[in-house]
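Inspection log for the structure reproduced underneath, given as structure tokens.
The values are calculated or read from the model by the stated rules, or taken from the named source; none is laboratory data. It should be emphasised that the depicted structure is a prediction, and the values quoted were computed from it without experimental measurement. Here the Cβ positions follow ideal geometry from the backbone for every residue, glycine too, while neighbour counts run over all protein chains shown.
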Amino acid sequence: MAELQRSDADQLAYDEAFDRDGNVRPLYAAIVERFSNFDAAELRRREGIIEEEFRRQGITFTVYGDSQGTERTWPMDLFPRLIAATEWQEIERGLAQRVTALNRFLADIYTGEGAAMADGVVPAWLVHSSDGFERNAFGVSVPHDAHCVIAGIDLVRDAEGQYRVLEDNLRNPSGISYVIENRAAMTRAFPRVWEDHTVEPVGQYGRMLRTALESVAPTGAGDKPLIVILTPGIYNSAYFEHAFLAREMGVELVEGPDLVVDEHVVYLRTIEGLVPVDVIYRRIDDTFLDPVSFRPDSTLGVPGLLGAMRAGTVTVCNAVGNGVADDKAIHPYVTDLIRYYLGEEPILPNVETHVMWEPDQREAAFERLDELVIKPVGESGGYGIVIGRNATDEELANARAEIEADPRNWVVQEVVELSTLASMCDDVLEPRHLDLRPFVITGERTQVFPGGLTRVAMRKGSLIVNSSQGGGSKDTWVLAPQGETPAGT
Amino acid sequence: MILARHADSLLWAGRYLERADTIARCVSVETNAVMHRQATEARLASRRLVQALGLQDEFVAAQVGTGPYAVMDFLVSDDSHPGSVVSAVQAVRENLRIVRDRIPVELWEEANSLHILMQSAKSVGAAAREQTGGEVSRMSVITARRGCRSLSGVMTESMSRDEGYAFMEAGRLLERSILTVELLKSGLGTGSDVFDGNRLLAFTHSLQAARRELGHSPQWHAVAKFLLQHSQMPRSVLWCLGRVELRLQDLAAAAGAVATARRRAGALRAHLEYGELDELLGQPEAELAYLGSALAELAADVHTSTVARSSLAEVHAQFVRPGDGRGRPQ
């Protein structure tokens, strides 16, 4: 029988499967029992099935910095993460509320009157000094104000089990393909685990996204808009996902040179000639999108694309300039933005964040940097983060000097003891820290995709869950209301 | 509707698939022969095969060893040149990877699985492969042949007969025709390394079918007629060209740029179908040289037809919207 370890009693983190006394939480009772019946060899065998399937199907990501262009299979942990129906309903409402407010904020900045800045909710200088603020997007409206069609909101659970928002990803959040492939892999490797639960399906993403993308097509596009996904190409780390989404939606997967712009209309180069494009779901960053407007050395983009976008003949999703709203420096203001635009109390709280350009907050943070998490606002993928309690005195001194030199570029967050869940490590299931990235789709309305990508730090004690830094993932089950295990059983 | 770049990838995926299949088959035939021959003789014949496959330069550059299985290894597992089975399979996989969103999932998975298997044989290393008496390469050949058949089956049974299929099939059949003509050349002459009729038929997967018509010891001339002009044999150049012409005809309806290639395919098909082949084969070298270059030009034409016309002057005249055929309202 495989040993299923709960968190140490003195650990601060919230263990999702076991309570403080070491008893299995009701939500996890059936799955823990089922896993307890497998010995380590059996779990390894099933892990092998998943690994082999991922390799055969080419479900991989490319490792950057590797001259061989190595494709690594996506690491998936066997033990699933469960979310109860009632719990999910709360998360769902919270996410829809948050993304709605963020889209309102983006519309306010780029096509509105800048009301939130004028009313002092967010300092105008902070918005305009953001690397993500894009002058080229000024005056470019998006149907339904869906600046962010696809959002990935990173959630963590604190020591009390409360979900909190760690980061918003409003530019090019990736990972949805792994959510769907994880479910398929779980089904192949553990065909009987579904007997105990009714789980919300995940196969409908392609349809959901396509409907949203169709709804943001320009008015001249007719009822069958031509949608394409713009990828940097096969060497991009997320190429698998780009191809997956094109297949799931039934749209063309294009690279920059496949598109050409003439008189502010974007065309697709086909063997039959040039065909006008209505919606571009781009998976390349703003700065590579159009060498005329941004980086002239970009070979990934399409010359003249921004002109077409400004002329309103094509919709680019997510919209250009979204980076301003997911700037880590803006994050602390999002709860106020929810109150401001929607007149509602935020359902999901933020991870407590201190802004370094406020002298009081900065000085208070300097007093206890070794207890905090220091983040550069412009990085992603877990890069550049200093976790105070693991840092040397020298690293802390360096961080302090960098903050003093450019306070706008840094935020400091309270440590959240990310929740843990049993994960396969060697031959035992040990608790490992995890987060959750649900995906929120906005077209005519805002919808939350059930579950999301659970990322898990496979190194003991590590809080860094990014796949580029050795993190894995878990299949994430949102239980359907009728399938919920009654409390107390 | 198909992207020009995707059409090109499918064309090349088809060509490389045929190439991997043909080289693996030739090596398989040769390997059986090697075991029954003196080393020097076997090596000479293998060199002739290298020549027939157009890999002389790569062979010299690769400094292939002198062991009895070195040539086979060069043709199967050596990825330092693009002409080996392992390289061709990799090229199939890379081209299909570019279009993996539009081809059947199974087609991609078969190509990916075959690539992984071939890479694992490659990773053994040339010296170790030689030590096994060619065993590793022999297994790779079996794997490659099974894999190619499987790919071919998925392609035939699961792919929509759309433009993508047309390009992939055209690629396969053109490559097959080109290789058939090159292999036929290696049966001309009088040296001890010249392939006999049965060997040529085995290389082109036609031995069984030809035996019923030509008997057990067919002469080169009869084999050449069979492989060039047979109307029902999917390995014959005439049969291949007939299919290529049909595919190009489908494409030309929508893509005007294919018209040139279609005309050339038709002319070449007519040359084989209605030409006096007996007379033409009176000067076999000249006729094969003509066919070789005509097929190469045809392949180049098909490739060119996938290159998108980017002249913006054409935009206003001919852009189309799938479904309603109308342009964007101004």
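Of note:
- Residues in the stretch A:203-232 that are in a loop (DSSP other than H, G, I, E, B) and within 21 Å of the chain's Cα centre (by Cα): A:G203, A:Q204, A:T231, A:P232.
- Enumeration of residues in the stretch B:108-157 that are surrounded by fewer than 23 Cβ atoms within 10 Å (Cβ to Cβ), of a type in the set (S, T, Y) and in contact (Cβ under 8 Å) with a residue 12 or more places away in the chain: B:S113, B:T143, B:S150, B:S152
- Qualifying residues in the stretch B:1-22 (those that are within 9 Å of chain A (Cβ to nearest Cβ) and small (G, A, S)) - the one nearest to B:Q90 (Cα to Cα): B:A7
- Options A:E444, A:E402, A:E394: the member that is acidic (D, E) and in the same structural domain as A:V24 (by TED's automatic domain parsing): A:E444
- Residues within the stretch A:126-142 that are in contact with a Gly (Cβ under 9 Å, 6 or more places away or on another chain), part of a helix (DSSP H, G or I) and surrounded by 15 or more Cβ atoms within 10 Å (Cβ to Cβ), tallied: 3
- Selected residue (only one of A:D145, A:D168 is closer than 30 Å to A:L463 by Cβ and of a type outside the set (A, V, I, L, M, F, W, C)): A:D168
- Which numbered condition A:G384 misses (of (1) in contact (Cβ under 8 Å) with a residue 24 or more places away in the chain; (2) assigned to a loop (DSSP other than H, G, I, E, B)): (1)
- Residue in the stretch B:209-231 that is within 30 Å of A:I271 (Cα to Cα), of a type outside the set (D, E), in contact with a Lys or Arg (Cβ under 9 Å, 6 or more places away or on another chain) and modelled with pLDDT of 95 or more present: no
- For the stretch B:217-255, filtered to residues that are under 21 Å from the mean Cα position of the chain (by Cα) and part of a loop (DSSP other than H, G, I, E, B), the residue that is nearest to the other protein chains (Cβ to nearest Cβ) is B:P234.
- Boolean, A:V261 is within 14 Å of another protein chain (Cβ to nearest Cβ) and hydrophobic (A, V, I, L, M, F, W, C): yes
- Given (1) touching a strand residue (DSSP E or B) at 6+ places or on another chain (Cβ under 8 Å); (2) of a type outside the set (K, R); (3) within 11 Å of another protein chain (Cβ to nearest Cβ), index of the condition A:L230 fails: (3)
- Out of A:L429, A:L434, A:L463, A:L418, one residue alone is under 21 Å from the mean Cα position of the chain (by Cα) and assigned to a strand (DSSP E or B). It is A:L434.
- Filtering the stretch A:191-202 for residues that are outside any strand (DSSP E or B) and in contact with an Asp or Glu (Cβ under 8 Å, 6 or more places away or on another chain) leaves an empty set.
- Test: residue in the stretch B:198-211 that is without any contact (Cβ under 8 Å) to a residue 24 or more places away in the chain and either touching a Gly at 6+ places or on another chain (Cβ under 9 Å) or in the same structural domain as B:E110 (by TED's automatic domain parsing) (or both): yes
Condition check ((1) of a type outside the set (K, R); (2) modelled with pLDDT of 95 or more; (3) not assigned by TED's automatic domain parsing to the domain that holds A:D145) across all residues:
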residue	(1), (2), (3)
A:G312	yes, no, no
A:K328	no, no, no
A:D336	yes, yes, no
A:R339	no, yes, no
A:R368	no, no, yes
A:S380	yes, no, yes
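- Taking the stretch A:146-171 as the range and being part of a loop (DSSP other than H, G, I, E, B) and crowded, with 19+ Cβ neighbours inside 10 Å as the test, the residues that pass are A:A146, A:H147, A:C148, A:V149, A:D158, A:L170, A:R171.
- Set side by side, the residues A:R81, A:R55, A:R72 differ, and just one is surrounded by 12 or more Cβ atoms within 10 Å (Cβ to Cβ), at pLDDT 85 or above, within 19 Å of A:S177 (Cα to Cα) and within 14 Å of chain B (Cβ to nearest Cβ), which is A:R55.
- Only one of the listed residues (A:P291, A:P276) is buried (at least 18 other Cβ atoms within 10 Å of the Cβ) and more than 14 Å from chain B (Cβ to nearest Cβ). That residue is A:P291.
- Residue count for the stretch A:21-36 satisfying the condition of being without any contact (Cβ under 8 Å) to a residue 12 or more places away in the chain, outside any helix (DSSP H, G or I) and either not aliphatic (A, V, I, L, M) or not assigned by TED's automatic domain parsing to the domain that holds A:R81 (or both): 3.
- In the stretch A:250-263, the residues that are crowded, with 23+ Cβ neighbours inside 10 Å and assigned to a helix (DSSP H, G or I): A:G256
- Of the criteria (1) under 14 Å from B:D193 (Cβ atoms); (2) surrounded by fewer than 23 Cβ atoms within 10 Å (Cβ to Cβ), which one B:V71 fails: (2)
- Checking each residue in the stretch A:90-125 for being assigned to a loop (DSSP other than H, G, I, E, B) and without any contact (Cβ under 8 Å) to a residue 60 or more places away in the chain picks out A:T111, A:G112, A:E113, A:G114, A:G120, A:P123.
- Of note, B:Q232 satisfies the criterion of being surrounded by fewer than 20 Cβ atoms within 10 Å (Cβ to Cβ), free of Cβ contacts under 8 Å to residues at least 12 places away in the same chain and in contact with a Phe, Trp or Tyr (Cβ under 8 Å, 6 or more places away or on another chain).
- Which listed residue is over 16 Å from the mean Cα position of the chain (by Cα) and outside any helix (DSSP H, G or I), from B:V136, B:V194: B:V194
- Within the option set A:V302, A:V275, A:V316, being assigned by TED's automatic domain parsing to the domain that holds A:E214, in contact with a Pro (Cβ under 9 Å, 6 or more places away or on another chain) and within 22 Å of A:M249 (Cα to Cα) holds for one residue only, A:V275.
- Residue among B:A259, B:A294, B:A270 that alone is part of a helix (DSSP H, G or I), more than 30 Å from A:R269 (Cα to Cα), out of contact with any Asp or Glu (no Cβ under 8 Å at 6 or more places or on another chain) and assigned by TED's automatic domain parsing to the domain that holds B:L179: B:A270
- The residues in the stretch B:62-87 that are within 20 Å of B:L44 (Cβ to Cβ) and not in a loop (DSSP other than H, G, I, E, B) can be counted, and the count is 7.
- Residue count for the stretch A:301-321, restricted to those that are part of a loop (DSSP other than H, G, I, E, B) and within 14 Å of another protein chain (Cβ to nearest Cβ): 6
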